[in-house]
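A.B. asks: Take this structure, written in structure tokens, and hold onto it; I'll ask about it next.
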Ligand SMILES: Cc1cc2nc3c(=O)[nH]c(=O)nc-3n(C[C@H](O)[C@H](O)[C@H](O)COP(=O)(O)OP(=O)(O)OC[C@H]3O[C@@H](n4cnc5c(N)ncnc54)[C@H](O)[C@@H]3O)c2cc1C
């Protein structure tokens with residue numbers, strides 16, 4: 001076992017940290033209040049290569065490993081997860097899927113601009129009545145010979161407005177159930193696509209979440225990803241990797257809140273001493289640090305398995321469930337350590353607590369991760 005990062009991994013971690021601590025922090029509270037998409041930061045991070053960091057350089061990406069991805073997402077999420085979610089969706093749910101399962105023509109036309117950060121991607125799986133039960137797709141992709149005709153509604157789509165390239169999951173053969181589902185690359189400006197209102201969310205408020213409606217949208221046949229009926233498998237495969245990103249995001253939220261709580265506990269005095277000298281506070285800090293360290297190991301192990309071409313689906317489900325759950329616990333304690341100051345926006349920790357909640361919900365709720373993990377335990 002080797003617990004040391006390579007020079008390249010350390011460099012990427014430092015670059016993400018520098019950007020987060022110097023730039024993201026400046027307007028994080030304001031962006032949250034205004035629920036404003038961080039367009040300027042996404043452009044800068046694209047310029048630094050983060051949107052396509054894991055994509056093969058042959059297709060315009062950075063060719064970095066999943067460990068570097070975890071380190072970068074953690075650093076960005078310490079400050080603002082509305083930014084890191086864009087990096088995660090683009091790398092894991094869109095770019096990686098097209099790179100592994102797409103045709104050379106799809107990679108040339110769609111992956112290259114995505115990997116270079118010139119375009120943003122979005123992943124459209126969830127529907128008003130298909131969330132955890134993602135196989136109950138009602139969006140229809142009717143096979144019309146040269147093209148598919150797309151009709152239906154997708155819900156809760158991150159990057160829905162800012163993206164140019166959608167990966168859409170839809171049903172072609174309802175009688176085949178999940179085996180009849182397909183995945184498509186759809187250009188957002190195709191006629192027949194409209195967006196619902198920007199969702200007014202509890203946390204990650206400046207991430208760009210909308211429902212997306214498809215009315216007789218023509219999708220060229222060559223935009224289907226993989227074999228006919230491969231779409232559900234595509235979704236499950238990209239979510240295995242996506243969960244590493246969301247686990248790292250939860251880890252970052254927890255460690256960002258911890259850093260703030262530790263600093264505050266050394267400054268704030270009560271009963272004639274800094275509050276960290278009260279054992280009740282010191283033990284909270286100890287519990288938080290242990291949980292964060294365990295979450296970090298889960299995330300890095302899942303990433304290491306992926307980097308070494310070993311099965312990582314269960315490891316990523318464990319990483320996501322654990323990191324998301326402890327992110328909620330750690331951020332709640334960080335607010336508690338700040339006392340009344342933790343309850344106001346200026347100190348950042350209440351925002352981190354609101355952001356943490358989403359990591360238990362999207363890309364598979366904590367309950368769904370437990371289903372994935374327990375099924376693997378129970379099968380022969
Ligand atoms: C801000 C935000 C951004 C999102 N971004 C995207 C995106 O970019 N693309 C995308 O496709 N989706 C996205 N989602 C959707 C997200 O993945 C779903 O919300 C999530 O999968 C849960 O689905 P649901 O909301 O329909 O809840 P439901 O599936 O209705 O679940 C409700 C509750 O029931 C529980 N539950 C359901 N089934 C079971 C079961 N079998 N056993 C035990 N408990 C169960 C769930 O865990 C949950 O607690 C986003 C969601 C949000 C809120």
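The values are calculated or read from the model by the stated rules, or taken from the named source; none is laboratory data. Note that the structure is predicted; figures quoted are calculated from it, not measured. Counting neighbours? That spans all protein chains shown, and the Cβs are built from the backbone with ideal geometry, glycine included.
A.B. asks: Among the residues of the stretch 128-149, count how many are under 24 Å from residue 362 (Cα atoms) and buried (at least 23 other Cβ atoms within 10 Å of the Cβ).
C.D. replies: As a first pass, look at the stretch 128-149 and keep what is under 24 Å from residue 362 (Cα atoms): 128-140.
Adding the requirement that they be buried (at least 23 other Cβ atoms within 10 Å of the Cβ) leaves 137.
The number of residues fulfilling the criteria is 1.
A.B. asks: OK, next. Would you please name the residue that is farthest from the chain's Cα centre (by Cα), looking only at residues in the stretch 176-200 that are exposed (fewer than 14 other Cβ atoms within 10 Å of the Cβ) and within 14 Å of the ligand (Cβ to nearest atom)?
C.D. replies: Once the filter is applied, the top-ranked residue is 197.
Conditions tested, residue by residue: (1) away from the ligand (no atom under 16 Å from the Cβ); (2) in a loop (DSSP other than H, G, I, E, B).
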| position | (1), (2) |
| --- | --- |
| 97 | no, no |
| 106 | yes, no |
| 111 | yes, no |
| 118 | yes, yes |
| 123 | no, no |
| 134 | no, yes |
| 137 | no, yes |
| 141 | no, no |
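A.B. asks: Could you pull out the residue among 94, 86, 70 that is at pLDDT 95 or above, at negative phi and in contact with a strand residue (DSSP E or B) (Cβ under 7 Å, 6 or more places away or on another chain)?
C.D. replies: Details: 86 fails: in contact with a strand residue (DSSP E or B) (Cβ under 7 Å, 6 or more places away or on another chain); 70 fails: in contact with a strand residue (DSSP E or B) (Cβ under 7 Å, 6 or more places away or on another chain).
So the residue among 94, 86, 70 that is at pLDDT 95 or above, at negative phi and in contact with a strand residue (DSSP E or B) (Cβ under 7 Å, 6 or more places away or on another chain) is 94.
A.B. asks: Let me ask something additional. Across the stretch 236-282, what is the total count of residues that are touching a residue at least 40 places away in the same chain (Cβ under 8 Å), surrounded by fewer than 24 Cβ atoms within 10 Å (Cβ to Cβ) and touching a strand residue (DSSP E or B) at 6+ places or on another chain (Cβ under 8 Å)?
C.D. replies: 3
A.B. asks: Give the residue, chosen from 173, 147, 101, that is away from the ligand (no atom under 16 Å from the Cβ) and within 30 Å of residue 63 (Cβ to Cβ).
C.D. replies: 101
A.B. asks: Identify the residue in the stretch 40-66 that is assigned to a helix (DSSP H, G or I) and over 17 Å from the mean Cα position of the chain (by Cα) and, among all such residues, is nearest to residue 202 (Cα to Cα).
C.D. replies: Keep residues of the stretch 40-66 that are assigned to a helix (DSSP H, G or I), which gives 40-47, 57-59, 66.
Those still in the list that are over 17 Å from the mean Cα position of the chain (by Cα) too: 40, 43-44, 47, 57-59.
Values: 40: 23, 43: 25, 44: 26, 47: 30, 57: 37, 58: 40, 59: 37 Å.
Among those that are assigned to a helix (DSSP H, G or I) and over 17 Å from the mean Cα position of the chain (by Cα), it is 40.
A.B. asks: Suppose the filter is under 23 Å from the mean Cα position of the chain (by Cα) and outside the structural domain of residue 127 (by TED's automatic domain parsing); does residue 292 pass it? Steps first, answer last, please.
C.D. replies: Numbers: under 23 Å from the mean Cα position of the chain (by Cα): yes; outside the structural domain of residue 127 (by TED's automatic domain parsing): yes.
It is true that residue 292 is under 23 Å from the mean Cα position of the chain (by Cα) and outside the structural domain of residue 127 (by TED's automatic domain parsing).
Quick grid of which residues meet (1) within 16 Å of the ligand (Cβ to nearest atom); (2) touching a helix residue (DSSP H, G or I) at 6+ places or on another chain (Cβ under 9 Å); (3) closer than 25 Å to residue 72 by Cα; (4) assigned by TED's automatic domain parsing to the domain that holds residue 275:
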{"residue": "309", "(1), (2), (3), (4)": "no, no, yes, yes"}
{"residue": "316", "(1), (2), (3), (4)": "yes, yes, yes, yes"}
{"residue": "327", "(1), (2), (3), (4)": "yes, yes, yes, yes"}
{"residue": "339", "(1), (2), (3), (4)": "no, yes, no, yes"}
{"residue": "363", "(1), (2), (3), (4)": "yes, yes, yes, yes"}
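A.B. asks: Moving on to the next point. Which condition number in (1) in the same structural domain as residue 339 (by TED's automatic domain parsing); (2) out of contact with any helix residue (DSSP H, G or I) (no Cβ under 8 Å at 6 or more places or on another chain); (3) under 26 Å from residue 313 (Cα atoms) is the one that residue 254 fails?
C.D. replies: It fails just one condition, (2).
A.B. asks: Please list, ordered by first then second residue, the pairs with beta carbon atoms under 8 Å, 6 or more apart or interchain, first in the stretch 291-302 and at pLDDT 95 or above, second surrounded by fewer than 21 Cβ atoms within 10 Å (Cβ to Cβ).
C.D. replies: 291/329
A.B. asks: Another one. Is it true that residue 83 is assigned to a helix (DSSP H, G or I), crowded, with 24+ Cβ neighbours inside 10 Å and within 11 Å of the ligand (Cβ to nearest atom)?
C.D. replies: Against the criterion (assigned to a helix (DSSP H, G or I), crowded, with 24+ Cβ neighbours inside 10 Å and within 11 Å of the ligand (Cβ to nearest atom)), residue 83 does not qualify.
A.B. asks: Look at residue 301 and say whether it is under 21 Å from residue 242 (Cβ atoms), crowded, with 21+ Cβ neighbours inside 10 Å and assigned by TED's automatic domain parsing to the domain that holds residue 361.
C.D. replies: It is false that residue 301 is under 21 Å from residue 242 (Cβ atoms), crowded, with 21+ Cβ neighbours inside 10 Å and assigned by TED's automatic domain parsing to the domain that holds residue 361.
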